[in-house]
Amino acid sequence: MLDQMKIAYELRAYEVSEDELDAITVARKVNMPPEATFKTLVARGDKTGVVMACIPGDQELDLKKFASATGNKRVELVPVKEIQSLTGYIRGGVSPLGSKKKYPLFLDQSALVHERISVSAGQRGLQMILAPAELQRAADATLTDLTKPVS
């Protein structure tokens, strides 16, 4: 998909451990700062159905902000067991691009402060490094404030 759109990206592989699927660990393994390593979360809104959020690995999704940005009163993260049937990806390998159905993607606006960000390439152990504006264009993502500091 990125090749077709002539978007430059780099793939970085890393050693996968079931105990270390968090974005902070992945950031260290691919030599990127945690705030530039984005995780993709799958949620369900009370009005819109499935929506995806792409946020920095060192932050937490603010469900109230996410609900507001997506036009919902409430959003909840989908149970891990549903992620694969909805997206085609497994936990720890959810990419903001190429899920089996195109869901609206909301990208945290902090992405734009980085020259390049890291996101899952669709499987555990593989990250894509690309310009945040290019990710936004490829995914047709909405930029918005989605996070709160990790409590």
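Against the conditions (1) buried (at least 19 other Cβ atoms within 10 Å of the Cβ); (2) over 17 Å from LEU143 (Cβ atoms); (3) free of Cβ contacts under 8 Å to residues at least 40 places away in the same chain; (4) of a type in the set (Val, Ile, Thr), THR70 satisfies every one except (2).
Considering only residues in region 29-41 that are in contact with a helix residue (DSSP H, G or I) (Cβ under 8 Å, 6 or more places away or on another chain) and not aliphatic (A, V, I, L, M), the one that is surrounded by the fewest Cβ atoms within 10 Å (Cβ to Cβ) turns out to be PRO33.
Yes or no: LEU135 part of a helix (DSSP H, G or I), at pLDDT 95 or above and more than 21 Å from ASP3 (Cβ to Cβ)? Taking the combined requirement at face value, the residue does not satisfy it.
Does region 113-129 hold any residues that are part of a strand (DSSP E or B) and over 13 Å from the mean Cα position of the chain (by Cα), and which are they?
Once the filter is applied, which keeps residues that are part of a strand (DSSP E or B) and over 13 Å from the mean Cα position of the chain (by Cα), region 113-129 yields only LEU126.
One residue alone among VAL150, VAL119 is in contact with a strand residue (DSSP E or B) (Cβ under 8 Å, 6 or more places away or on another chain), surrounded by fewer than 15 Cβ atoms within 10 Å (Cβ to Cβ), within 26 Å of GLU15 (Cβ to Cβ) and β-branched (Val, Ile, Thr), and that residue is VAL150.
Which residue, of LYS100, LYS64, is touching a residue at least 12 places away in the same chain (Cβ under 8 Å) and either more than 23 Å from ALA13 (Cα to Cα) or charged (D, E, K, R) (or both)?
Just one listed residue meets the conditions, LYS100.
Selection over region 5-19 of residues that are of a type outside the set (Val, Ile, Thr) and either closer than 16 Å to GLY92 by Cα or in a strand (DSSP E or B) (or both) gives a count of 9. Among the residues that make up region 3-16, is at least one of them aliphatic (A, V, I, L, M), out of contact with any strand residue (DSSP E or B) (no Cβ under 7 Å at 6 or more places or on another chain), surrounded by 15 or more Cβ atoms within 10 Å (Cβ to Cβ) and within 23 Å of VAL150 (Cβ to Cβ)? Within region 3-16, one or more residues are aliphatic (A, V, I, L, M), out of contact with any strand residue (DSSP E or B) (no Cβ under 7 Å at 6 or more places or on another chain), surrounded by 15 or more Cβ atoms within 10 Å (Cβ to Cβ) and within 23 Å of VAL150 (Cβ to Cβ).
The values are calculated or read from the model by the stated rules, or taken from the named source; none is laboratory data. Bear in mind that the values here come from a model prediction, so they are computed numbers and not experimental data. Glycine gets a Cβ as well: all are built from the backbone with ideal geometry, and neighbour counts include every protein chain shown.
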